[in-house]
Structures are given as structure tokens and as C-alpha cells.
Amino acid sequence: MNSILSIALPKGRLGECAYKIFEDAGYSCPEILSDTRKLVFEDSGHRVRYFLVKPSDVAIYTERGVADIGVVGRDILLEYSPDVYELLDLGIGKCRMAAAAKRDFEEDGTRTLRVATKFPNIAKNYYLSQGRDIDIIKLNGSIELAPLLGLADVIVDIVETGTTLRENDLEVRSVIANISAMLIANKASYRFKNPQINEIVRRISACREDKND
Amino acid sequence: MQETVRYFSNSERVSAVCREIYSGYGYKQYKMSRFEEYDLYAANRDFLIDENIITFTGSDGKLMALKPDVTLSIVKNAAATGREQEKVFYLENVYRKPKNTSDFKEIMQLGLECIGDIGLYQMGEVISLAAQSLSVIDKDYILDISHMGFISALADLAGISGGARDELIRFISGRNAAGVRAVCSGCGTPAALAEGLVELTGVYGSYESAMPQLRAFSANGATEAALDEIAGIYEILEVMGCARHINLDFSHTGDMNYYNGVTFCGYIKGIPFAVLSGGRYDKLLRMFGKPGGAVGFAIYLDQLDSLSQPRREYDVDVLLVCGERDGVSVARAVQKLRLKGRSVLAVSRLPENGTSWREAVNIEDIISEDKTN
């Protein structure tokens, strides 16, 4: 008999969308939808165990093999470069990683650019590729505030609809990467549970193709 | 040996048994100093896994480094005439700062190198020794084989070079089909070739199942030669009895700067990371101006600690409580128990430090037993 496959999902809206994809592919575990504080859900019939963790931790759980597979935004993969397989783009949680600044901000190439972000590695790599000298200010939330209060010149952050930016008089100056959720796999699990993981990838791909038709 | 092995940790047992195996194939142990001149690493940065090195000033003012790598030292010192082989193995500590960790770690590494005139047999022998080493760790292991020549030749044909090539390798090693497709379209790769590279990300499995898929992507003499080499090695592995555990996997790209031919990596069920990696690294020899080729592997023994091992029920078989008895009487009693094959801890009173024992024996009982006999 197949051993149980552990799947790490991000808590919150993205996790719910991701679970729906697994459910459509035939790996349901209805308990997960109930109003509970539980974080681990097992469906022995489908041989799967889901657990809900902080979105940025999905990659860590998967890289370290506690989860065999997981669903994580490409922003997290770009920021932390975990050593995992990126098997499938799930096409959900679509947004952009962008550099934004106040509408009236004029870039001055003679000064070090102050960049506020939750994603220091992405920001560093992007500006390194532009050959721009920057000072990274790592923040943990409300990044939009930084240019308004003069803490930073630009921000590097996730932009979905752009409403928050507009409301704060900010605008996108450049798109660094398109983001969506990826199905990732631990490299050892991919080998030892290869038939099970391939089957999940095959079924999810088939469901997505049906929807696109 | 069995009695001793019982108390070994996983890594100690593996290193002891593996060294025995390597010697059985004519490999000699290579012992080296804990440090090297820093210049060796500075000049060969491309060949190091990570660039963080612990340095200090030697007594003559030269900048020295704690070894981050063993292979460089072996190749530097190899006689390597190119006509015969130098076969060595080592068990050494290296000092590295693993990715996503905040500080340096001392890592015990067991490795093997074959340097000189490398033919099919030598490659097969080294890979079979890699497989045998894995089987010492656990019978449930997988050894994946890849070939850098195959991937390079496909990338050349696809017209992908420079930064785009690094991207391509990164996506292939992440099995990211969408990423590979994006790089190919960015470089204007012909559709058929691009599709081959995309499908390469999905190839994984036994030799019998994966080889025909790879032959289908094969596009020219160079890719054919790479696959023929794998086929030749596989035949040798069959003879050596380890073919059953071999899979073909081209996501294991290794480091393009380091490896040039066949590469391989080993996994053990229950350990989330690769525990063994190796391959053909002729380029490093050329850096030192030496003829011939080289193939080898390393096992990261620190990874084995995460593997469960049977815990001993007790620290000792017998806790010998000796009170104020004289040394000679204690020695006699300890020796008597040891000759019966039992482990003994001689104490003056019952310890309160968490030590556990199967049986507590008062020394007076042993002494009176001796007297009656």
C-alpha cells in the first residue's frame, strides 16, 4: 500500500484555493473546510495528510521533508531559493513583484537608492542586475508607509490590483517578476514517492486543462 | 568487530564499513593536514561549493584556511601521470557555512577519488562503490545518474549561453518545465528542441524506462556519446550487482563549473537531502595543468544523524557499587565482569547523574563469590 503523502498548504485564502485544486483532482479531505482550529488533517482513504502553515514556511517544511509536496507563491521561492522541485504552476494567487515609488518621486542616479521591502534578496538581486547601489530597509509589514514618511525612496513588494498603491499615491515603476502559486516537492520524496507525486501532478494538470478548454 | 559496532553511531559505523570496502578495491587512505594555504581556494573559487572560508594567519605570516573541501588538496598533490590511476579515499572534517545557516559548521566527510587514466571501468567502479556505500547506510537507497555532456550539448544546440544558460540549468534542476520553456522562447530555440528540453524536466525512473525517453531527445553525436557512456556504465553496474537501485535523473545537474561528464547523487529513505554526490571532474585537473581525468564522490556523514538508530536500553550492563574498596579489588571485580562480556561502570555510590544500568551489583557480592569458589 502507498504511504501517506504529506501536503503543506499556506494558511488563508491561497490555501483554500489550493485545497480546492487538490479536491477537484480527487484528493478531498472535507474536514479541512470545517470551522476548526486544527492544523493537521488526514484522509486515510485518499492517503493524504494536509497541514496548514504560514505561507513563507511551506517551502521550509517541504525542503526539510516534513511535507512531501507543498503549495507556495513564487515570491517565497525567489526570496529564499529553497532546494526543492518546482513541479507545476498552479495558476492561482497571481500577482506581480514590483518596485513602486511615490508618483512625484524622481530617481537621482547620483544617490544611493533606499529600498524598503519584505523581500531583501529579491530587491538585492534585482538592483544588482541593474548595477544600482541601494540601501535595503527590511520591514515586516505596511511597506507602503515607508516612502510616504520618507523612510525609503522606493518599495519592492507584491502588487495584486494596485488599489493599495493608488490609495497611497504610489505607482509601479517596474515589474520584477510575475508571481503565482507553484506546486513544489521535496527532492528525496520525489524519488521515494515518485508514482504518488507523479499521479497528483498528472491529475491536477488534467483538471486545469479541462477548465481551460 | 560486531561488539564494537553495536556502540557506533550511524556515521561511525558507515565510515568504518565503507573504508573496508574501498580498501577491497585497492583504494588507499589519504590523510591530510587540517588547513591549506588560502591561495589554493582563492585561485579555484569556481570549484568550491560555497565561498565562505575560515582563514587565519600562519606562523610565517601566510594566510591559511581551514579546509572547506578535500578534493582540491588531493588533486593538487596527485602525481597524475595520465597513464595510470591514483585511487584514494579520505575521512576528513571540512569547514563550511551551509546555505541558510548563520554560522560555519564542521562537517565530517567521507569520500573517494580516482584520478588519472579514467575509462568506462573506472567510472563504473566508482559509481558502484557509491552504491555500495549507500547500501551500508540503509538498504533502501536510490542512486541517480545524470550526464553533464548531454545537457551541455542540448543547450549548445538550442543556442542558449551565458546567463540564460545558468537560468536553464537552474530550471532543469528544479524540474520547472514552465521556466525552461520561458528560457527557450527567450533565446529563440527551435520548437522541437525546446520541447525536448522541457520534457527533460519530467524524465525520472529506472534505466529501462528512462533511457528510451532520453534517446528520443538525443539530437547529435555529443548527446548520443553521453547516453552511450551511461549505457556502458550501467552494464558494469549490472555486473557489480547494484543496477536495481539506479535511476536516471537529469535534474541532478551538479555544478557546471565543476563537473563535465557523468554525475550522480544518492538518497536514503528517511533523509530529506542527498547524502552522497559525485561525478567526473576533469576540468579541475586541467586547472592544475595535469593530464587525464578524475571521478569521485563524497558522503556527508552529518546527514546520517537524522536517521534513527536503535537506542540502547541502558548505558551499562552492570553498575558496580564499590564503596570504599581498594583499587586492586575493584580492578579484579571489573575485569571479571568484562571477561563475561558485560559493560561495567565502577562507582563508589549510586550515581544521580541520569546514568542507567541493567543491574546494580555490590562489589562485596563478587568478592564473597570469589572466596567460595
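The values are calculated or read from the model by the stated rules, or taken from the named source; none is laboratory data. All figures in this text were calculated on a predicted structure; none of them were measured in a lab. Cβ: placed from backbone, ideal geometry, glycine included. Neighbour counts: every protein chain shown.
Hey, could you check segment A:60-80 for residues that are under 14 Å from A:Tyr190 (Cα atoms) and buried (at least 20 other Cβ atoms within 10 Å of the Cβ) and say which is nearest to the other protein chains (Cβ to nearest Cβ)? So that I can check it myself, show each step before the final result.
So in segment A:60-80, the residues under 14 Å from A:Tyr190 (Cα atoms) come out as A:62-70.
Add one more test, that the residue is buried (at least 20 other Cβ atoms within 10 Å of the Cβ), and what stays is A:62-63, A:67-70.
Values: A:Thr62: 9, A:Glu63: 7, A:Ala67: 10, A:Asp68: 10, A:Ile69: 12, A:Gly70: 13 Å.
Once the filter is applied, the top-ranked residue is A:Glu63.
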- Item | Residue pairs meeting the criteria (Cβ under 8 Å; at least 6 apart or on separate chains; first within 12 Å of chain A (Cβ to nearest Cβ) and closer than 12 Å to B:Ser146 by Cα, in segment B:195-216; second polar (S, T, N, Q) and assigned to a helix (DSSP H, G or I)) | B:Val203/B:Gln213; B:Tyr204/A:Asn194; B:Gly205/A:Asn194
- Message: Being assigned to a loop (DSSP other than H, G, I, E, B) and touching a residue at least 40 places away in the same chain (Cβ under 8 Å) is the requirement here; does A:Gly70 meet it?
- Response: no
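On the given criteria, is A:Gly26 exposed (fewer than 15 other Cβ atoms within 10 Å of the Cβ), part of a loop (DSSP other than H, G, I, E, B) and modelled with pLDDT of 90 or more? Spell out the reasoning first.
On the way: exposed (fewer than 15 other Cβ atoms within 10 Å of the Cβ): yes; part of a loop (DSSP other than H, G, I, E, B): yes; modelled with pLDDT of 90 or more: yes.
The answer is yes for A:Gly26.
Pick from B:Gly354, B:Gly289: which is surrounded by fewer than 13 Cβ atoms within 10 Å (Cβ to Cβ) and assigned by TED's automatic domain parsing to the domain that holds B:His245?
Details: B:Gly354 fails: assigned by TED's automatic domain parsing to the domain that holds B:His245.
Result of the check over B:Gly354, B:Gly289: B:Gly289.
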- So, in segment B:156-181, of the ones that are within 10 Å of chain A (Cβ to nearest Cβ) and in a helix (DSSP H, G or I), which residue ends up surrounded by the most Cβ atoms within 10 Å (Cβ to Cβ)? B:Phe171
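Scan segment A:81-100 for residues that are of a type in the set (Gly, Ala, Ser), more than 13 Å from A:Ala59 (Cα to Cα) and within 14 Å of chain B (Cβ to nearest Cβ) and report the count.
Going residue by residue through segment A:81-100, those that are of a type in the set (Gly, Ala, Ser) are A:81, A:91, A:93, A:98-100.
Narrowing further to those that are more than 13 Å from A:Ala59 (Cα to Cα): A:91, A:93, A:98-100.
Applying the additional criterion that residues be within 14 Å of chain B (Cβ to nearest Cβ) yields A:91.
Qualifying residue count, segment A:81-100: 1.
Check A:Ile143, A:Ile136 and return the single one that is surrounded by 17 or more Cβ atoms within 10 Å (Cβ to Cβ) and in a strand (DSSP E or B).
On the way: A:Ile143 fails: in a strand (DSSP E or B).
None of the others qualify; the one that does is A:Ile136.
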- Query: Across segment A:164-188, which residue is farthest from the other protein chains (Cβ to nearest Cβ) among those that are touching a helix residue (DSSP H, G or I) at 6+ places or on another chain (Cβ under 7 Å) and not in a strand (DSSP E or B)?
  - Reply: A:Asn168
- Query: Taking the stated definitions as given, is A:Arg13 in contact with a Gly (Cβ under 9 Å, 6 or more places away or on another chain) and modelled with pLDDT under 95?
  - Reply: yes
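Considering only segment A:192-206, I want to know if a residue exists there that is in contact with a Pro (Cβ under 7 Å, 6 or more places away or on another chain), surrounded by 13 or more Cβ atoms within 10 Å (Cβ to Cβ) and either in contact (Cβ under 8 Å) with a residue 24 or more places away in the chain or part of a helix (DSSP H, G or I) (or both).
At the first step, the residues of segment A:192-206 found to be in contact with a Pro (Cβ under 7 Å, 6 or more places away or on another chain) are none.
So far as segment A:192-206 goes, no, none of its residues is in contact with a Pro (Cβ under 7 Å, 6 or more places away or on another chain), surrounded by 13 or more Cβ atoms within 10 Å (Cβ to Cβ) and either in contact (Cβ under 8 Å) with a residue 24 or more places away in the chain or part of a helix (DSSP H, G or I) (or both).
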- Message: Can you tell me how many residues within segment A:29-54 are touching a helix residue (DSSP H, G or I) at 6+ places or on another chain (Cβ under 7 Å) and either at pLDDT 95 or above or within 27 Å of A:Lys118 (Cβ to Cβ) (or both)?
- Response: 3
- Examine segment B:180-198 for a residue that is more than 29 Å from B:Ser306 (Cα to Cα), in contact with a strand residue (DSSP E or B) (Cβ under 7 Å, 6 or more places away or on another chain) and at pLDDT 90 or above, and state whether such a residue exists. no
- Query: Can you tell me how many residues in segment B:46-62 are surrounded by fewer than 13 Cβ atoms within 10 Å (Cβ to Cβ) and either within 22 Å of B:Cys114 (Cα to Cα) or in contact (Cβ under 8 Å) with a residue 24 or more places away in the chain (or both)?
  - Reply: 2
- Answer yes or no as to whether A:Gly45 is of a type in the set (Gly, Ala, Ser) and over 12 Å from the mean Cα position of the chain (by Cα). yes
- Task: Read through the list (1) touching a residue at least 24 places away in the same chain (Cβ under 8 Å); (2) surrounded by fewer than 24 Cβ atoms within 10 Å (Cβ to Cβ); (3) assigned to a strand (DSSP E or B), then give the number of the only condition that B:Leu143 fails.
- Result: (2)
- Note on the structure: Contact list, first residue from segment B:314-341 and on the phi > 0 side of the Ramachandran plot, second anywhere and assigned to a strand (DSSP E or B), beta-carbon distance below 9 Å, six or more apart or interchain, is B:Gly323/B:Asn362; B:Gly341/B:Asp317
- Quick one: which of A:Asp57, A:Asp83 is closer than 24 Å to B:Arg181 by Cβ and either modelled with pLDDT under 95 or surrounded by fewer than 20 Cβ atoms within 10 Å (Cβ to Cβ) (or both)? A:Asp83
- Would it be correct to say that B:Leu193 is part of a helix (DSSP H, G or I) and within 17 Å of B:Ser251 (Cβ to Cβ)? no
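Specify which of the listed residues (B:Gly270, B:Gly205) is surrounded by fewer than 21 Cβ atoms within 10 Å (Cβ to Cβ) and assigned to a strand (DSSP E or B).
Numbers: B:Gly270 fails: assigned to a strand (DSSP E or B).
Exactly one residue qualifies, and that residue is B:Gly205.
To keep it simple, each residue is scored yes or no on (1) modelled with pLDDT under 90; (2) under 30 Å from B:Ile127 (Cβ atoms); (3) more than 32 Å from the chain's Cα centre (by Cα).
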position	(1), (2), (3)
B:Met287	yes, yes, no
B:Gly293	no, yes, no
B:Gln309	yes, yes, no
B:Arg332	no, no, yes
B:Val344	no, no, yes
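Are any residues in segment B:273-283 more than 13 Å from every other protein chain (Cβ to nearest Cβ) and either touching a Cys at 6+ places or on another chain (Cβ under 9 Å) or crowded, with 24+ Cβ neighbours inside 10 Å (or both), and if so, which ones?
Residues of segment B:273-283 more than 13 Å from every other protein chain (Cβ to nearest Cβ): B:278-283.
B:Gly278, B:Gly279, B:Arg280, B:Tyr281 - these are the residues of segment B:273-283 that are more than 13 Å from every other protein chain (Cβ to nearest Cβ) and either touching a Cys at 6+ places or on another chain (Cβ under 9 Å) or crowded, with 24+ Cβ neighbours inside 10 Å (or both).
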